[in-house]
1. Among the residues of region 204-220, which ones are within 23 Å of residue 171 (Cβ to Cβ) and surrounded by fewer than 13 Cβ atoms within 10 Å (Cβ to Cβ)?
2. Write out, first by first residue and then by second, each pair whose Cβ atoms fall under 6 Å of each other, whose residues are 6+ apart or on separate chains, and whose first residue, in region 177-194, is farther than 22 Å from residue 222 by Cα while the second is within 16 Å of the ligand (Cβ to nearest atom) and in a strand (DSSP E or B).
3. Do we have residue 195 as assigned by TED's automatic domain parsing to the domain that holds residue 234 and more than 13 Å from the ligand (Cβ to nearest atom) here?
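The values are calculated or read from the model by the stated rules, or taken from the named source; none is laboratory data. Please read these numbers as outputs of a predicted model, since none were measured by experiment. Here the Cβ positions follow ideal geometry from the backbone for every residue, glycine too, while neighbour counts run over all protein chains shown.
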Amino acid sequence: MRAQRGDMEKPLQISVISFDGDMTLWDFLQVMRYSLKQTLTELQRQVPTQRALELTVEKMVAIRDQLAEEVKGEVWSLLEIRRRAFERTLEHVGHPDTDLAAHLDAIYRKHRFEDIELYPDVIPTFDALAPHFKLGLLSNGNTYPERCGLDGRFAFVVFSQDVQVEKPDPKIFQITAERAGCELSQMLHVGDSLRNDVMGAKNVGAPTVWLNREAVPNDTDIQPDYEVSSLTEIPEILGLRRKNKTCQ
Ligand SMILES: [Mg+2]
C-alpha cells in the first residue's frame, strides 16, 4: 500500500465506499473474451466462408468498440450495442443475418453473465468493511450484483446505462452520493481506472483508492489518495485492522 495523502494525521471522515465493477470486483475482460470465443466458434460453424474463418476475437472486440463510439451518447443499453455488434460482425464476414445475430447474442449473454467470477479478495474485503461502512457499486458496465454472487451486498447501485451519464462525468458521482445519502467528501471511491475512477472522483472532492492489481506504472498526472494492489488493503487504510490489533 502506498499512502499518498498529505494530511495523514487527519483521519478520513468516510461513511460510504463506492466500488467500480469491471476489473475491480470481477475480471470483465477475461469473461468477455471467453464469451466471444464461444460465439466465434458458433459463427464459424454456421458461416463456413473464408472471411468467417479469418475472423478473430480481437476483430470482434474492434467491431464492437467502433460501433460503441459511433452511437456514444445516443444508445446507452450495452446489451443493444452488443447485439448490433453481432449484426455488424456478420455483415463484416459477408453474411448479414439478424436471426443468426440474435442467436450469437444469446450464446454470448449466457457465458457473459453465467461465467463471471469475482476476484478472490472481494468477499473477504466486503465482510471486513460491511459492518462499518455503507457499500455501493458505481459502474460503467452492465454486470448486476445478483449475476455474480453479490446480491444483497450493496446499499446502492448506479449504472451509467441506467442514468445515462458515465464516469468520469461529475454528475454520476453526484447521483451516487445522493443515493448513498452522504456528502461526496464522505464517499471513498475505489476503482482500477485512473481516468474514470480516480480523476472522476477527485474532480468532485471524493477521496480515492486506485486499485492497481498488476503494479503498472502511473504515467499520468492523476494522483490517487491511496494506491493498493489488493482490495484487502482497504480495511487497513480505514483503520479497521489497526484497531483490531490494538484490541488483541
Ligand atoms: Mg473498471
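1. Of everything in region 204-220, just one residue is within 23 Å of residue 171 (Cβ to Cβ) and surrounded by fewer than 13 Cβ atoms within 10 Å (Cβ to Cβ), namely 220.
2. Final answer for the pair search is 180/136.
3. Details: assigned by TED's automatic domain parsing to the domain that holds residue 234: yes; more than 13 Å from the ligand (Cβ to nearest atom): no.
Spelling it out, it is not the case that residue 195 is assigned by TED's automatic domain parsing to the domain that holds residue 234 and more than 13 Å from the ligand (Cβ to nearest atom).
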